[in-house]
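**Q** Quick one: structure below, then a few questions.
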Amino acid sequence: MEMSFRRLPDNQHEILVRRDKGPDVRLPAQPAGPSMPHDLVHAVVETALGIDDGFWGATARGATFQGFELVPPRAGTAAPG
């Protein structure tokens, strides 16, 4: 799974998630923390502690949650399956 964080105006950000399983998704803008996006903190902690059943682990396995926006497949790539 690949995540990219993009800063938006007013201390907001969005996350584009390219997954091996399930469709690519864009997460809605959320307020950033004092020094980095809230969701990035979760990703770092889950990775550092080897938590594979948290939010990002579920997302990597193809789970979708309320607010996820499906992203059309990139040109020249096959749909996951």
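**Q** Select from the range 1-35 the residues that are out of contact with any Pro (no Cβ under 9 Å at 6 or more places or on another chain), over 20 Å from ALA63 (Cβ atoms) and open to solvent by 80 Å² or more (accessible area, probe 1.4 Å) and write down the one among them that is modelled with the highest pLDDT.
**A** If we take residues in the range 1-35 being out of contact with any Pro (no Cβ under 9 Å at 6 or more places or on another chain), over 20 Å from ALA63 (Cβ atoms) and open to solvent by 80 Å² or more (accessible area, probe 1.4 Å), then ARG6 is modelled with the highest pLDDT.
**Q** If THR47 meets every condition in (1) open to solvent by less than 90 Å² (accessible area, probe 1.4 Å); (2) at pLDDT 90 or above; (3) outside any loop (DSSP other than H, G, I, E, B) apart from one, which number is that one?
**A** (1)
The values are calculated or read from the model by the stated rules, or taken from the named source; none is laboratory data. If you're wondering where the values come from, they're calculated on a predicted model, not measured in any experiment. FYI the Cβ positions are ideal-geometry reconstructions off the backbone, even for glycines, and counts take in every protein chain you see. Note: accessible area is taken over every heavy atom of the protein model, side chains too, but ligands, DNA and RNA are not part of it. Shrake-Rupley method; radii C 1.70, N 1.55, O 1.52, S 1.80 Å.
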